[in-house]
Amino acid sequence: MNYRNLGKSGLKVSELSFGSWVTYGNQVDIELAKTLMSAAWERGVNFFDNAEAYAHGESERVMGKALKELGWAREQYVVSTKIFWGGNTPNEKGLSFKHIVEGVNRSLRNFQLDYVDLVFAHRPDYETPVSETVRAFNHVIQQGKAFYWGTSEWPADRILEAAKFAEENYLIGPTMEQPEYNLLHRTRFEEEYAVLYKKLGLGTTTWSPLKSGMLSGKYRGGVFPEGTRANLPGYEWLKKMFSDPARMQAVENLAIIADDLGVSLAQMSLAWLLKNPNVSTVITGASRLGQLEENFKALDVVDMLTDDVLDRIDDALADYPDDTAVN
């Protein structure tokens, strides 16, 4: 495992990290959570990602209990949460000063932690001034309840606005962005955010590296095996996404290259992300130990992705309209 600085900060995160979206509280109980987190830890993972919205807080509670029972030294791991969807009442949503402060406090209770290392604004809130959001995250940091703050799925111009306000008012600006980034979803990360890497030195904690499992190859041919997230209640939209003919053909094209390399499509897809220097860490997920073990073999595939192979991958996607356009 290699460790990369989170953007221009001094914080180092494992290049593969472990997240709980969908799985914790839905597919994973406390004992399995401990097994999976231990396996990731033994392979060098030091960053664990979460959010207040995941399973309505149950994901944070499961991860927090696992961390407590595993007994790792707090200084040795990095944990995050994301604030935006905290509840159903008006002030439990969005990025107001009130919700950011109270949302972080509730997340800390869920985790049974004194602080999180990273806290993200889970989506942009166009009903709250950016200045209010920046001041709220600075308040949280000043209280010692988080060390760094960032954004998730914000447009570049709004991130720049937040950074400018912070600089002009001697406040801490966003350190990182958490965007979706994978072989089927590239445009925002590679084009829109290019100015952020150059101007702000922004770090990235990328999510959905396997496009919710589509780049694992398990849904090839429009088959949806029992026990996969495409069959979870509330995730019916995944079946529609996976059935798109352009996506299905793109996956088939990529699978040919993976087969030629003698690796799985998932391993090649993860290794491709690690080739990008603007990726600070790739957030992986798993609901089974075998799934985690297979995915982490991607670390051995990175050097196999030569310039010629990367060109083949680009050619395989030449006729595919990036998901930014498809969605």
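The numbers here are math on the coordinates, done by the rules we state, and not lab data. Just so it is clear, the model here is predicted, and its values are computed rather than measured. Here Cβ is always computed from backbone atoms with ideal geometry, including for glycine, and neighbour counts include all displayed protein chains.
Subtract the Cα-Cα distance of Asn5 and Glu132 from 0.36 nm times their separation in residues, and report this length gain in nm to one decimal. Don't jump to the answer; show the numbers that get you there.
Numbers: separation 127, 0.36 × 127 = 45.72 nm, distance 2.80 nm.
Full extension from Asn5 to Glu132 adds 42.9 nm.
Tell me which lysines have Cα within less than 18 Å of Lys164's Cα, excluding those fewer than 8 residues away on the same chain?
The reachable lysines, counting only those whose Cα sits under 18 Å from Lys164, are Lys8, Lys198, Lys199.
What ³J(HN,Hα) values, in whole Hz, does the Karplus curve 6.51 cos²θ - 1.76 cosθ + 1.60 give for the range 49-56 when θ = phi - 60°, with x put for Gly and Pro?
Here the 3J(HN,Hα) series is 9, 8, 6, 5, 7, 5, 6, 6 Hz.
Using r as the Cβ-Cβ distance of Glu161 and Asn105, and R0 as 25 Å, what FRET efficiency do you calculate, to the nearest 0.05?
The calculated FRET efficiency here is 0.40.
Round to the nearest 10 and give me the degree value, 0 to 90, for the angle of helix 156-168's Cα axis relative to the longest principal axis of the chain.
Approximately 30 degrees, to the nearest ten.
Determine by what factor the alpha-carbon radius of gyration of the chain differs from 2.2 N^0.38 Å, reporting the quotient. All intermediate terms of the calculation are to be shown ahead of the outcome.
Working: Rg = 19.1 Å, N = 327, 2.2 N^0.38 = 19.9 Å.
Against the empirical 2.2 N^0.38 Å value, I get 0.96 for the chain.
Exposure proxy check: Met37, Met304 ranked by fewest other beta carbons within 10 Å?
Ranking Met37, Met304 by Cβ neighbours within 10 Å, fewest first, gives Met304, Met37.
Identify which of Asn253, Asn295, Asn138 has the largest mean-square fluctuation in a Gaussian network model of the chain, with springs joining Cα atoms closer than 10 Å.
Maximum among the listed residues: Asn253.
I'd like the orientation of helix 130-142 relative to the chain: the angle between its Cα long axis and the longest Cα principal axis, in ° from 0 to 90, rounded to 10.
Value to nearest ten degrees: 80.
With n ≥ 4 as the cut-off for DSSP H runs, can you work out [θ] at 222 nm for the chain, using -39500 (n - 2.57) per run divided by the number of residues, rounded to the nearest 500?
Numbers: 12 runs with 129 residues, N = 327.
Helix contribution divided over all residues of the chain: -12000 deg cm²/dmol.
If the cut-off is 16 Å between C-alpha atoms, which aspartates and glutamates fall inside it for Lys239, apart from same-chain ones fewer than 8 positions away?
Candidates past the 8-residue exclusion: Glu226, Asp323.
Within the range 121-179, list the chymotrypsin sites (Phe, Trp or Tyr not before Pro) lying in a DSSP loop whose Cβ has at most 10 other Cβ atoms in a 10 Å radius.
In loop regions of the range 121-179 (DSSP not H, G, I, E or B), the sparsely surrounded chymotrypsin sites (Phe, Trp or Tyr not before Pro) are Tyr126, Tyr170.
Can you pull a Stokes-Einstein diffusion coefficient for the range 82-176 at 25 °C (0.890 mPa s), Rh from Kirkwood over Cα pairs, as a whole number of µm²/s?
188
Identify all aspartates and glutamates with a Cα-Cα distance to Lys68 below 19 Å; exclude those on the same chain that are fewer than 8 residues away in sequence.
Output for Lys68: Asp29, Glu31, Glu42, Asp49, Glu52, Glu58, Glu60, Asp114, Asp117.
Enter the angle in degrees (range 0 to 90, nearest 10) between the Cα long axis of helix 97-111 and the first principal axis of the Cα atoms of the chain, meaning the one along which they spread out most.
70
If you take the Cα atoms of the range 37-146, find Rg, then find the Kirkwood Rh from the mean of 1/r over all pairs, what is Rg/Rh?
My calculation puts Rg/Rh at 0.99.
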